[in-house]
Amino acid sequence: MKNVLRLGVNIDHVATLRNARGGAWPDPLRAARIACEAGADGITAHLREDRRHIIDSDIARLRADIPLPLNLEMAVTDEMVGIALKTRPHAACLVPEKREERTTEGGLDVIGGRARLAPAIAALSDAGIRVSLFVEPDPRVLETARALGAPVVELHTGSYCDAADGPARERELARIVEAARVAEELGLECHAGHGLTYDTVGPVAAIETIRELNIGHFLVGEAVFVGLKAAIEGMRARMNAARR
Ligand code: PXP
């Protein structure tokens, strides 16, 4: 029997749109409810240090009102670890964060950042939060993630999605396939995400040891044209077709 592939819907960019006018609409909570109806397995939200999209009250409302597991994407800072310990999401995905970046560029520096990561992983895990590390598909990084005691890694699919269709993208896909194999060998649960679209999701969804995809920007963009429910259902259908 093949592993189930979960879909985590990232609702950050519903909040981006809301914050563009500084009001309360569109509400990311409403997006999370629609994601539930559309068959999402989880909700993902990134509380950035600069609160450019998701804000603290969104996280509190998601925890209070949405029955799906919440995956909190967060930088490895004392502030964010404190918020996670207070909010108790189902999962916390540790990501690198730079204020000047437009989106999360590259995976965590797991090797250079061991000293900072180890206590954060321990504190979150002790609180029953499932920790994942957002990493480049690089076996050396995965080994360090394992040594640090993280149960999950999320492979950064940005380079794969950004590569030109053809040999360059194939090369990036091969890195993801190999990293997913190594993760399985190391006993790490493997997730993937960043930049995935209808055109790029299939080959990643087809990797049987990947258990979860986290997808946001494309879905929110597509929702402008077809509605959020239809956009998510379209993604789910492509994931299922690739897995068959
Ligand atoms: N996974 C992680 C760790 C991310 O930081 C992001 C972007 O917030 C995503 C998945 C989703 O990426 P996208 O919005 O490009 O689908």
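The values are calculated or read from the model by the stated rules, or taken from the named source; none is laboratory data. Predicted, not measured: the structure shown is a model, and the values here were computed from it. Methodologically, a virtual Cβ is constructed for each residue, glycine included, from the backbone with ideal geometry; neighbour enumeration extends over all protein chains shown. Just so you know, the surface numbers come from the protein's heavy atoms only, side chains and all, with ligands and any DNA or RNA stripped out. Shrake-Rupley method; radii C 1.70, N 1.55, O 1.52, S 1.80 Å.
Here are some notes:
- Number of positions in region 172-206 that are open to solvent by less than 30 Å² (accessible area, probe 1.4 Å) and within 16 Å of the ligand (Cβ to nearest atom): 15
- Residues in region 82-138 that are out of contact with any strand residue (DSSP E or B) (no Cβ under 6 Å at 6 or more places or on another chain), part of a helix (DSSP H, G or I) and open to solvent by less than 50 Å² (accessible area, probe 1.4 Å): Gly82, Ile83, Thr87, Leu117, Ala118, Ala120, Ala122, Ala123.
- Subset of region 58-81 [assigned to a loop (DSSP other than H, G, I, E, B) and under 16 Å from Ala122 (Cα atoms)]: Ala75, Val76, Thr77
- Applying the condition of being open to solvent by 40 Å² or more (accessible area, probe 1.4 Å) and more than 17 Å from the chain's Cα centre (by Cα) to region 69-81 and asking which residue is farthest from Cys36 (Cα to Cα) yields Asp78.
- Subset tally (residues that are touching a Pro at 6+ places or on another chain (Cβ under 8 Å) and at pLDDT below 95) for region 69-107: 4
- Residue match in region 37-44 (condition: at pLDDT 95 or above, assigned to a helix (DSSP H, G or I) and within 23 Å of Ile232 (Cα to Cα)): yes
- For region 149-171, the candidate set comprises residues that are more than 15 Å from the ligand (Cβ to nearest atom) and not hydrophobic (A, V, I, L, M, F, W, C); within that set, the residue that is surrounded by the most Cβ atoms within 10 Å (Cβ to Cβ) is Arg169.
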